[in-house]
1. At a Förster radius of 45 Å, what calculated FRET efficiency corresponds to the Cβ-Cβ distance of residue 287 and residue 47, to the nearest 0.05?
2. Could you calculate the contour length gain from residue 18 to residue 202, that is, 0.36 nm times the residue separation minus the distance between their Cα atoms, to one decimal place in nm?
3. Which FRET efficiency value, to the nearest 0.05, do you get for residue 154 and residue 97 by plugging their Cβ-Cβ distance into 1/(1 + (r/R0)^6) with R0 = 25 Å?
4. Helix 2-15: angle to the longest alpha-carbon principal axis of the chain, degrees 0 to 90, nearest 10?
5. Contour minus end-to-end for residue 32 and residue 164, with contour as 0.36 nm per residue of separation and end-to-end as the Cα-Cα distance?
6. Peptides 192-201, 266-275, 141-150: what's the order by average Cβ count within 10 Å, highest mean first?
7. How far is helix 279-290 tilted, in degrees, relative to the longest principal axis of the Cα atoms in the chain, given as a value from 0 to 90 rounded to the nearest 10?
8. What is the distance, in nm, between label points placed 7 Å from the Cα along the Cα-to-Cβ direction at residue 187 and at residue 211?
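Read the figures in this text as sums done on the coordinates, not as results from a lab. From a predicted model like this one, the values you see are computed outputs, not experimental measurements. For neighbour counting, all protein chains shown are included, and Cβ atoms are generated from backbone atoms with ideal geometry for every residue, glycine included.
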Ligand code: FE
């Protein structure tokens with residue numbers, strides 16, 4: 001009899017994934033990219049090269065125009081997706097397919113570069129604060145040479161959820177525990193990407209697929225993660241370990257980005273703005289770019 005109960009308990013525990021604990025933290029590293037844009041690289045550093053399927057996370061933040069005015073003049077991408085999310089300021093993008101638009105605060109552009117696109121990303125301002133994130137999301141081998149595509153949403157098209165406890169969630173991709181669904185569709189890595197503000201002392205929970213890799217980046221404030229309550233401070237990346245949902249408690253009012261996605265578990269070959277599976281495919285991308293095929 002006792003043995004039967006034990007077996008049953010074990011099965012239930014297996015079906016109910018545990019709360020994820022903090023696996024590691026990493027500081028961002030100052031760098032510059034494009035035409036001298038100063039930014040903080042958060043993923044894609046010696047501390048954390050990638051977190052499959054996330055290849056890179058940059059935060060650009062400056063109220064000094066000379067840190068960003070050069071922008072990111074025309075450059076190619078192949079093999080993955082770039083996601084630009086603006087917190088402050090405006091960024092104009094323009095590409096070789098004739099697309100052009102301005103991303104405004106709270107707006108997002110989810111660009112699937114796939115087989116190749118040539119674009120520029122330039123600040124649409126001469127002064128004032130420019131702040132935002134660029135996240136690179138990998139594509140599986142089967143989709144790397146597909147057609148480029150955009151999913152672009154202005155601030156008012158990004159889903160919002162306001163909870164009774166004061167928590168405010170902007171859902172770009174994925175679904176909250178209360179059923180708010182973000183507008184971005186991605187059937188390759190099924191990402192979750194949210195901009196979350198939690199009042200001091202309030203706990204935020206979010207169910208996640210146990211198979212997904214997940215991270216938070218604290219924009220302002222500090223969060224205690226899981227039952228161990230390890231703290232992720234301001235401007236620090238926190239990577240979650242295995243489990244199901246995440247549980248974070250704001251130490252002070254805290255704003256953070258949450259991302260999760262299905263790992264592709266494929267070989268990754270990087271060559272600047274190209275991310276493919278093999279070195280040969282990277283060489284091919286450079287050849288195609290030189291021959292003007294983007
Ligand atoms: Fe780009």
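1. 0.85
2. Numbers: separation 184, 0.36 × 184 = 66.24 nm, distance 2.02 nm.
Stretched fully, the residue 18-residue 202 segment lengthens by 64.2 nm.
3. Efficiency at R0 = 25 Å is approximately 0.80.
4. 20
5. Working: separation 132, 0.36 × 132 = 47.52 nm, distance 4.09 nm.
Extra length available between residue 32 and residue 164 comes to 43.4 nm.
6. Working: 192-201: 20.4, 266-275: 17.5, 141-150: 15.3.
Top to bottom by mean Cβ count within 10 Å: 192-201, 266-275, 141-150.
7. 40
8. About 1.6 nm separates the two model spin labels.
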